[in-house]
Amino acid sequence: MGQYLRVGTLDQALDLRATGHSWKLLAGATDFYPAYAGRPIDVDVLDLTNIPELCGIEVDHLGVRLGACVRWLDLGIARLPKWLDGLCQAAREIGGHQIQARATIGGNICNASPAADGIPPLISLNASVEIAGPKGIREILLCDFLRGNRKTILKSDEILIAIRIPKHSTTARASFRKLGSRKHLVISIASVGMVAAANSEGILDFVRVAVGACSEVPVRLTKLEDSLTGHRMTELATLDATPYLSVLSPVDDVRADAWYRRDAVATLIRHCGVDICNSAGSS
């Protein structure tokens, strides 16, 4: 039977990580406990959920800082700028209500599932992660933090402590869409996070689109983004992204065939475009 420790400060957690002992970091535990269903927990667990600086949501002139142990429930009900609507929508669709009340944004990232719903909207927002270690705190783009299916660059003596999202213009709007066999308690077949901003004449200053569950890590569709910049925002509502999806590498599995995932992505992108146009038009 493994041991369980719940620390109250980041320094305590880092000191334990620095010993070289193999600690399993615990946040919401929504993936951890099911993995041990029906058998003893034979790993040593380090619970991070009592560390204050990992649990808050801060908004300032630079953007938004989300502590790694912020729960999806907290994010889903938070009053945040409109350009975070996509992330907040994802927060309300992850698992079910019980999962959202336990699962954390940092856990979703570090679990590094290709189908993690929280990651595409974060990547579309150019989010970065703060990593604490023996040499201090370093910041790296989320897209560079992820290295593959269940793989990240986090070292054995480090802890992911926060997610930083740079401030966007007040005209920026965002959306998140996913496809699954049902609305909740499902692993996504495909998901899309989109952010866009237009000038006073309705011309797009930028568009960012990230696709989940169709590659080992969520993928930005940069060629699609470049093709849309300078066009009218209203074109997002009728967008056909099919010619730009060759960068995806969906697989055939029990949830869907690869061709179906790819077709679904094109539809999800168009739905995100409609959401963004509607949001911009109602402001």
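I want to confirm something. Restricting to the range 235-255 and keeping residues that are aliphatic (A, V, I, L, M) and not in a loop (DSSP other than H, G, I, E, B), which single residue is farthest from Gly148 (Cα to Cα)?
Taking the range 235-255 as the starting set, the residues that turn out to be aliphatic (A, V, I, L, M) are 236-237, 239, 241, 245, 247-248, 251, 254.
Restricting the remaining residues to those that are not in a loop (DSSP other than H, G, I, E, B) gives 236-237, 245, 247.
Details: Leu236: 30, Ala237: 32, Leu245: 19, Val247: 15 Å.
Only one residue fits best here, namely Ala237.
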Exercise for the section: State whether the residues of the range 161-182 include one that is under 26 Å from Ala27 (Cα atoms), in the same structural domain as Val251 (by TED's automatic domain parsing) and surrounded by fewer than 23 Cβ atoms within 10 Å (Cβ to Cβ). Expected result: yes
Completion exercise
Subset of the range 94-112, residues buried (at least 21 other Cβ atoms within 10 Å of the Cβ) and outside any helix (DSSP H, G or I), comes to Ile94, Ala103, Thr104
Exercise for the section: Kindly indicate whether any position in the range 134-152 is touching a Lys or Arg at 6+ places or on another chain (Cβ under 6 Å) and in a loop (DSSP other than H, G, I, E, B). Expected result: no
Practice task
Only residues that are more than 14 Å from Pro81 (Cβ to Cβ), more than 14 Å from the chain's Cα centre (by Cα) and assigned to a strand (DSSP E or B): list them for the range 161-201, please.
Solution key: Ile161, Leu179, Ala196, Ala198
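Has the range 62-69 got at least one residue that is within 21 Å of Ile131 (Cα to Cα), surrounded by fewer than 16 Cβ atoms within 10 Å (Cβ to Cβ), not assigned by TED's automatic domain parsing to the domain that holds Arg177 and not acidic (Asp, Glu)?
From the range 62-69, those within 21 Å of Ile131 (Cα to Cα) are 62-69; that's our starting set.
Now drop any that are not surrounded by fewer than 16 Cβ atoms within 10 Å (Cβ to Cβ), which leaves 62.
Filter once more, so that each one left must be not assigned by TED's automatic domain parsing to the domain that holds Arg177: 62.
Among the residues that remain, those that are also not acidic (Asp, Glu) are: 62.
So far as the range 62-69 goes, yes, one or more of its residues are within 21 Å of Ile131 (Cα to Cα), surrounded by fewer than 16 Cβ atoms within 10 Å (Cβ to Cβ), not assigned by TED's automatic domain parsing to the domain that holds Arg177 and not acidic (Asp, Glu).
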Practice task
Return yes when Val59 is buried (at least 21 other Cβ atoms within 10 Å of the Cβ) and not assigned by TED's automatic domain parsing to the domain that holds Ala256 and no when it is not.
Solution key: no
Practice task
Would you check which residues across the range 60-96 are β-branched (Val, Ile, Thr) and closer than 13 Å to Ile109 by Cβ and list them?
Solution key: Val70, Ile94
Handout entry: Within the range 13-27, considering residues that are in contact (Cβ under 8 Å) with a residue 12 or more places away in the chain and assigned to a helix (DSSP H, G or I), the one surrounded by the fewest Cβ atoms within 10 Å (Cβ to Cβ)
Key = Ala18
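Within the range 189-205, does at least one residue satisfy the condition of being at pLDDT below 95, under 24 Å from Thr30 (Cβ atoms) and surrounded by 13 or more Cβ atoms within 10 Å (Cβ to Cβ)? Lay out the reasoning, then the answer.
Initially, the range 189-205 is screened for residues at pLDDT below 95, giving none.
No, the range 189-205 contains no residue that is at pLDDT below 95, under 24 Å from Thr30 (Cβ atoms) and surrounded by 13 or more Cβ atoms within 10 Å (Cβ to Cβ).
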Problem - Candidates Val211, Val217 - the one that is assigned to a strand (DSSP E or B) and either assigned by TED's automatic domain parsing to the domain that holds Ala266 or loosely packed, with under 14 Cβ neighbours inside 10 Å (or both) - result: Val211
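Hey, which of the helices (runs of 4 or more DSSP H) in the range 29-93, taking only ones fully inside, have at least 3 residues that are touching a residue at least 60 places away in the same chain (Cβ under 8 Å)?
Values: elements: 32-35, 72-77, 85-93.
Because the criterion is at least 3 residues that are touching a residue at least 60 places away in the same chain (Cβ under 8 Å), the helices (runs of 4 or more DSSP H) in the range 29-93 that meet it are 85-93.
Part of a helix (DSSP H, G or I) and under 12 Å from the mean Cα position of the chain (by Cα), is that true of Ala116?
Numbers: part of a helix (DSSP H, G or I): no; under 12 Å from the mean Cα position of the chain (by Cα): yes.
Judged against the criteria, Ala116 is not a match.
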Exercise for the section: Go through Val219, Val209 for me and flag whichever is closer than 24 Å to Arg92 by Cα, out of contact with any Cys (no Cβ under 8 Å at 6 or more places or on another chain) and of a type in the set (A, V, I, L, M). Expected result: Val219
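The values are calculated or read from the model by the stated rules, or taken from the named source; none is laboratory data. This is a predicted model, so every value here is computed, not measured. Here the Cβ is made from the backbone with ideal geometry for all residues, glycine too, and neighbour counts use every protein chain on show.
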